[in-house]
Structures are given as C-alpha cells and as structure tokens.
Amino acid sequence: MAACLLAQQYVGAGACGRCHNSIASSQEKSGHARALAPADARADWEFGSGTHAKTWVKQLDEKHYLELPQSWFRQTNRMGLTPGHTTQDGVRYRVFDPGAQILRCFSCHSTGGPAVREGGKIHPHENGVRCESCHGPGAAHVKAGGGKYNIENPGQYQATAINEQCGNCHRQPGADARWDDPWNVRHQPVYLAESACFLKSGGKLSCLSCHQPHQALSRDRGAYAAVCASCHAQVQHRVKVSGDCIGCHMPAVAASPDLSFTNHWIGIYSAGPKLRPRQ
Ligand code: HEC
Ligand code: HEC
Ligand code: HEC
Ligand code: HEC
Ligand code: HEC
Ligand code: HEC
Ligand code: HEC
C-alpha cells in the first residue's frame, strides 16, 4: 500500500516536460532515459541504451526471469557472451529471491520503483532513468504549478553529496574497492573519490564538473580538457607530452574484449594495465 501511494507521487517525465521542455527533450536522448526499454520478439526487456551494450531479459514463468546469454556490444558492434555468464544457458533469477537481484536491475534502470503484479510480471513505473530518479517524486511540485520548494535540486548540494546521489546507482565511494578487477572501473564515484584532484580541491570536484545531467555522454575531449584547465591552468610537464589530458590521466580500461570504461581515478599512469595510478 505504501508503495502504491509513493508510486502515485511519481508523475513521469511527460508531466515535467510540459514546463521544462528543453530539458525534457535533451534528457530523452541520453543513455539514462534509454537505459530500459521493451524488447523485440526475442525477450521482454532490453537493458542498456547501447552507449556500451544491450542485454535482454525475459520472463520464464510466474517465479523466474532469464537474463539472455548473448549481449550486443557497441565497441565491437557484435553479439557476445553477456558479462558474468560462462555458458549459453542464460542466468535464471527468482523474482522473490532474498537478494532481489532481478528487481534491483529494474530499480537502477527505471524510475519510481518497480512493482510485481499478477503472474509475477515486473512493472517498472517508468522506463529508464528519468527526472524523478534524481529530483524525487514530483506530484507536489506539479500540483503547485512549479516553484522552488517542493522539488529536490541537486545543484544545491556539495560535491560529495552529488557524488553520493549519483552513487546510488553508479556505486558509492568505498564500494567494491578491489583495484585489481577491471569490471569495477565502471563504478565512477568509487574511483573519482581516490583522486588527488577530488581529495585536495576542497570539495569542488563532482560528477557535474564534467557531465551535464540532462544530456547524453559527451565525447568532446577538448571540453573535458577545459575542465582540467580550470584547476591546472599551466602544467609544467617534466616529460614531453602530446595527445589529450584524458587519454593519459583518465585512461580507458578494457573490462573485456568488447567493453571498456574510463578510469575516473585521475592520476599519473605508467605503461601496462591502467587499473590504478603509479605510486
Ligand atoms: C506547471 C509547470 C511545471 C511543471 C509541470 C514542473 N515544473 Fe519544475 N519548475 C517550474 C517553475 C515555474 C519552476 C521555478 C523556476 C524558477 O523559479 O527559476 C520550477 C523549478 C524546478 C526545479 C528547480 C528548483 C529549485 O530549487 O531551483 C526543478 C529541479 C524542477 N522544477 C524539476 C521539475 C520536475 C522533475 C518536474 C516533473 C516531476 C517538474 N519540475 C514539473 C514549473 C514546473
Ligand atoms: C537511478 C539510477 C541512476 C542515477 C541516480 C544516476 N545514474 Fe547515471 N546511469 C545509470 C544507468 C543505468 C546508466 C546506463 C545507461 C545505459 O544504458 O547506457 C547510466 C549512465 C550514465 C552516463 C552515461 C550516459 C550516456 O548518455 O551514455 C553518465 C555520464 C552518467 N550516468 C552520469 C550520472 C551522474 C552525473 C549522475 C548523478 C547526477 C547519475 N548518473 C545518476 C543510472 C543512474
Ligand atoms: C546498483 C544499480 C544497478 C543495478 C542493480 C544494475 N545496473 Fe545495469 N547499470 C547501472 C549503471 C550505473 C550502468 C552504467 C555503467 C557505466 O556505463 O559505467 C549500468 C549499465 C548497464 C548496461 C550497459 C552496459 C554497461 O556496463 O554500461 C546493461 C546492459 C545493464 N546495466 C544491465 C543490467 C542488468 C541486466 C542488471 C541486473 C542483472 C543490472 N544492469 C543491474 C546500474 C545498475
Ligand atoms: C541523472 C540525474 C538527473 C536526471 C535524470 C534529471 N535531472 Fe534535472 N538536474 C540534475 C542536477 C544534478 C541538476 C543541477 C544542475 C546544476 O546545477 O548544474 C538538475 C537541475 C534541474 C533543474 C534546475 C536547473 C536548470 O537546469 O534549469 C530543472 C528544472 C531540472 N533539473 C529538471 C529536470 C527534468 C524535467 C528532468 C527530466 C526530463 C530532469 N531534470 C532529469 C539531475 C538530474
Ligand atoms: C577542482 C579542481 C581540479 C580539477 C577540475 C582537476 N584537478 Fe587535477 N588536481 C587538483 C588538485 C588540487 C591536485 C593536487 C595537487 C597537489 O597535490 O598539490 C590535483 C592533482 C592532479 C594530478 C597529480 C596526481 C597525483 O596523484 O599526484 C594530475 C595528474 C591531475 N591532477 C590531472 C588532472 C586532469 C587531467 C584533470 C582533468 C581530467 C584534472 N586534474 C582536473 C585539482 C583539480
Ligand atoms: C574530470 C572530469 C570527470 C569527472 C569529474 C567525472 N567524469 Fe565521468 N567521464 C569523464 C570522461 C572524460 C569520460 C569519457 C568520455 C568519452 O567516452 O569520451 C567519462 C565517462 C563517464 C561514463 C561513461 C562510462 C565510461 O566509463 O566511459 C559514466 C557513466 C560517467 N563518466 C559517470 C561519472 C560519474 C557518476 C561521475 C561522478 C562520480 C563522473 N563521471 C565524474 C570525465 C569525468
Ligand atoms: C602523453 C601523456 C600525457 C598527456 C597528454 C598529459 N599528461 Fe599530464 N602528466 C603525464 C605524466 C607522465 C606526468 C608525470 C611526469 C611529469 O610531471 O611530467 C604528468 C603530470 C601531470 C600533472 C602533475 C604535475 C605535477 O606538478 O606534479 C598534472 C597536474 C597534469 N599532468 C595535468 C595534465 C593536463 C591538464 C593535461 C592536458 C592539458 C595533461 N596533463 C596531459 C602525462 C601526460
């Protein structure tokens, strides 16, 4: 019952877009908005926008869901074994498993909380990471016709609190701190929190220093370098450097032949594996 009442307080991106039109139309194109969609004939659900990959999930029966063994990878533009799988059987999940793993997939990839209905069908309230994932339920704000006081604005948070909010899904600083596992590099808050840039800049560096929360991931290396320059106006390299700041100080790490992620532990890396900075 509590869950139903809470769900009613989530009005959906369509309602926000009536007044915040340009934000809604750019957010709609982001990986966030497209993180979950209904699938074509092969399954029920498509997870992943395709920025990196897509994985399919289908309902088997009242009690079980199956994560399919073959995923699509953008980097290599091919189908391959889903990360974590070792056979072509797929991975079965019980809907009401104590760890609630399959429900947790939906929690991070949708907005307003998933519900389980008749026949064990999982119903996300709204597909993808939309407005109210970050701003909280918006019914009161909409009812009041907008205004400042009944909606969360993370723009007013300190850097650490922003990193924690993003960490609700991207993992919290301190989580999975196993620096030898390349899969953990995709947990950006964990890695950023280790950087001298974060630790020594007096709480100025957050995810929002480099990412626009309402837009698709930017690939503009010059724009990222400009953020570096805002704190490192003149770097006196002792070694001769060419190329962009990101390539050397936030290197790509291959988690598999099909997937790589950006190491958010900003630092000085030597040749070889780029899991953590030298020293
Ligand atoms: C009826 C029009 C309307 C709707 C619908 C609406 N907003 Fe707003 N919103 C406003 C107005 C007006 C402001 C105040 C702008 C200002 O004062 O600068 C505002 C401000 C905001 C702010 C900034 C608050 C602050 O503290 O500065 C956020 C965040 C926000 N809206 C998010 C949302 C979200 C999310 C939704 C959907 C759940 C939504 N809005 C729906 C009109 C609306
Ligand atoms: C409700 C969970 C959730 C929250 C909260 C969240 N994210 Fe995400 N984020 C995701 C998921 C899921 C993806 C993967 C999208 C995909 O399928 O490619 C993602 C992808 C991204 C991407 C890549 C976007 C793209 O267009 O490919 C960026 C950048 C990002 N998140 C930054 C942030 C920042 C910054 C915050 C905090 C302001 C944040 N995220 C909060 C779940 C979340
Ligand atoms: C704790 C929140 C969380 C849970 C639980 C979760 N995801 Fe994600 N997922 C994310 C975030 C955040 C990203 C974006 C990672 C990135 O690009 O760095 C993501 C990315 C993805 C991607 C795109 C590939 C990639 O790594 O970027 C797929 C596919 C995916 N998730 C499927 C699933 C499936 C299936 C489940 C359940 C078995 C699941 N996720 C559980 C948060 C979550
Ligand atoms: C990934 C988290 C995330 C999602 C999803 C998200 N926002 Fe935001 N939003 C933020 C953050 C963070 C800020 C503060 C930005 C800043 O101050 O730089 C913000 C600021 C705002 C503001 C006030 C400042 C401004 O830019 O005008 C409005 C209004 C707003 N968001 C509306 C929306 C709407 C509407 C949606 C859905 C279409 C949405 N947001 C989706 C994180 C998010
Ligand atoms: C908010 C300010 C800020 C931003 C933005 C920033 N840094 Fe830093 N960075 C710092 C501070 C402060 C230090 C610590 C300097 C010291 O120890 O005296 C630092 C240290 C470093 C170091 C030395 C690391 C080490 O472990 O000793 C490198 C390399 C570096 N930054 C590169 C970058 C690059 C590349 C970017 C852009 C991707 C960047 N920084 C963005 C503030 C920042
Ligand atoms: C100093 C700049 C900087 C900061 C701060 C930063 N990022 Fe990034 N982020 C990048 C760059 C550069 C890329 C790679 C862009 C590309 O692919 O060209 C990236 C990529 C990503 C991606 C796509 C997956 C990947 O690993 O390539 C996600 C998701 C993401 N960032 C989330 C976050 C979150 C969450 C935070 C806050 C904890 C954060 N970022 C803080 C610069 C930054
Ligand atoms: C070809 C790789 C490469 C590129 C490109 C590069 N760096 Fe570096 N950077 C290094 C190496 C190696 C060191 C350590 C040796 C040294 O200080 O010359 C370093 C050191 C640093 C330091 C620490 C200097 C100190 O005083 O201890 C900062 C800050 C830094 N780089 C920022 C940047 C920024 C900002 C950019 C982009 C404008 C950039 N770097 C481009 C490889 C690179």
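None of the figures in this text is laboratory data; all of them are computed from the coordinates on show. Worth saying up front: this structure is predicted, and the values here are computed from it rather than measured. When we count neighbours, we look across all protein chains shown, and the Cβ atoms used for this are built from the backbone with ideal geometry, even at glycine.
Data table
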read-out	value
FRET efficiency for V239 and Q101, using Cβ-Cβ distance with R0 set to 45 Å, rounded to 0.05	0.45
Choice from N184, N77, N168 showing the highest fluctuation, given a GNM over the chain with Cα pairs closer than 10 Å	N77
Dipole magnitude (debye, nearest 20) for the chain, charges at Cβ of Lys, Arg, Asp, Glu	660 debye
The range 127-160: trypsin sites (Lys or Arg not before Pro) in DSSP coil with no more than 11 other Cβ atoms inside 10 Å	K148
Cα-based shape type of the range 12-89, given that a ≥ b ≥ c are square roots of the gyration tensor eigenvalues and the cut on a/c is 1.5	oblate
Choice from F96, F198, F47 with maximal GNM fluctuation in the chain (Cα, 10 Å cutoff)	F96
Mean separation of Cα contacts under 8 Å (6+ apart) over length of the chain, as relative contact order %	15 percent
Pairwise centroid distance, computed over Cα atoms, of the range 137-182 with the range 14-34, Å	17 Å
Convex hull of Cα atoms in the range 156-262, direction-averaged projection (nm²)	8.1 nm²
Straight-distance crosslink candidates among lysines, where the alpha carbon sits under 19 Å from K121 and sequence neighbours closer than 8 are dropped	K58, K63
Sites matching trypsin sites (Lys or Arg not before Pro) across the range 23-70 that sit in DSSP coil, with at most 11 neighbouring C-beta atoms within 10 Å	R42
Long-range amide H partners of L217 with built H, under 5 Å	G31
Cα coordinate range in the chain, projected on the principal axes (Å, largest first)	65, 53, 31
Contact order relative to length of the range 156-262, as percent, for alpha carbon pairs under 8 angstrom and 6 or more apart	24 percent
For the chain, built as a Gaussian network whose Cα springs stay under 10 Å, the top-fluctuating residue of S206, S242, S110	S242
Phi to ³J(HN,Hα) by Karplus 6.51 cos²θ - 1.76 cosθ + 1.60 over the range 29-36, Hz, x for Gly, Pro	8, 7, x, 3, 4, 9, 5, 8
